[in-house]
């Protein structure tokens with residue numbers, strides 16, 4: 001109508017950032033996010049615990065010679081724990097990747113960093129992807145799953161034996177419970193071991209799924225399972241057993257350090273029972289510590305009434321085997337290009 005006419009105003013121009021300039025920012029943000037989540041997980045379990053002062057006082061109280069030797073032995077076994085996991089993964093990945101053992105050890109530690117704040121440690125898969133060559137991501141994930149299967153089978157086998165022993169010795173069960181549990185457990189483990197050592201059958205079964213066509217790319221990567229021979233799977237199982245034995249030994253040494261009077265055989269059976277029960281709870285390690293602490297209080301309650309020493313042993317194992325590797329892994333994560341490692345890095349235009 002007769003309104004005032006305004007001259008054509010120029011459209012505001014916003015800066016056009018090239019993708020190449022955004023990559024460093026996104027890479028930094030990803031590292032800051034991982035650092036923040038790691039700090040949150042550690043704070044909740046190390047610094048924000050209601051009994052943190054009591055647990056620290058228990059450590060200081062027992063930190064005297066010759067009792068100190070138990071704690072030193074636990075610390076010396078910690079690198080072996082991580083090295084055995086790296087050896088297991090090395091056995092399952094050397095057919096498709098040529099990265100060094102040192103790189104694989106860094107991948108293990110990086111996986112610990114992300115695994116500490118993810119349910120059931122699924123973040124370990126993502127952490128390890130940061131250190132494999134381009135195009136080998138799916139294979140790295142599948143090999144990690146196979147390694148986890150080996151570790152789980154060891155945990156279930158020893159846990160079944162330890163749990164039955166502990167249950168029969170300290171809980172006075174009905175006469176039929178132990179034989180039934182042993183029979184059912186043996187049958188389940190027998191099928192599980194058969195599936196593990198014939199893992200290539202998973203390829204055949206996967207292709208028969210009704211939605212197999214939609215998963216063509218992942219199923220194509222799954223064909224790498226045909227390359228696993230029983231020798232490689234057997235070595236991976238052996239490393240898994242050695243790692244489990246190392247972890248249990250560390251726990252038992254910490255019980256001795258804190259003065260929990262558990263004899264060796266009942267003590268190891270109790271440890272196996274705790275790990276077996278905890279494995280059925282799909283929680284992040286940071287939250288799983290609470291569940292493990294409650295189970296430990298029940299199991300070690302047959303040997304002592306000192307709740308603080310029991311929780312201190314469990315808490316110390318968590319810090320040594322979970323928190324410290326996670327912190328080391330963060331150092332290595334900071335040094336890598338996360339976007340490039342996970343496949344979001346694009347090639348430069350000519």
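The values are calculated or read from the model by the stated rules, or taken from the named source; none is laboratory data. Please read all numbers here as calculations on a predicted model, not as lab measurements. Positions of Cβ are generated from backbone atoms using ideal geometry, with glycine treated the same way; all protein chains shown enter the neighbour counts.
Scanning the range 283-293 for residues that are outside any helix (DSSP H, G or I), touching a helix residue (DSSP H, G or I) at 6+ places or on another chain (Cβ under 9 Å) and either more than 27 Å from residue 66 (Cβ to Cβ) or at pLDDT 95 or above (or both) turns up at least one hit.
On inspection, residue 74 does not qualify as surrounded by 11 or more Cβ atoms within 10 Å (Cβ to Cβ), modelled with pLDDT under 90 and either in contact with a helix residue (DSSP H, G or I) (Cβ under 7 Å, 6 or more places away or on another chain) or in a helix (DSSP H, G or I) (or both). Filtering the range 94-128 to residues that are out of contact with any helix residue (DSSP H, G or I) (no Cβ under 8 Å at 6 or more places or on another chain) and in a helix (DSSP H, G or I) leaves 102, 103, 119, 120. With the requirement that a residue be assigned to a helix (DSSP H, G or I), under 20 Å from residue 313 (Cβ atoms) and in contact (Cβ under 8 Å) with a residue 40 or more places away in the chain, what does the range 21-56 give you? Within the range 21-56, 42, 44, 45, 46, 54, 55 qualify. Condition test on residue 60, is it modelled with pLDDT of 90 or more, exposed (fewer than 12 other Cβ atoms within 10 Å of the Cβ) and assigned to a helix (DSSP H, G or I)? When the stated conditions are applied, residue 60 passes them.
Of the set (1) assigned to a helix (DSSP H, G or I); (2) under 18 Å from residue 85 (Cβ atoms), all apply to residue 131 but (1). Being within 22 Å of the chain's Cα centre (by Cα), exposed (fewer than 15 other Cβ atoms within 10 Å of the Cβ), at pLDDT 90 or above and part of a helix (DSSP H, G or I) is the requirement here; does residue 87 meet it? The answer is no for residue 87. Of everything in the range 98-132 that is in contact (Cβ under 8 Å) with a residue 40 or more places away in the chain and surrounded by fewer than 17 Cβ atoms within 10 Å (Cβ to Cβ), the residue that is farthest from residue 44 (Cα to Cα) is 120.
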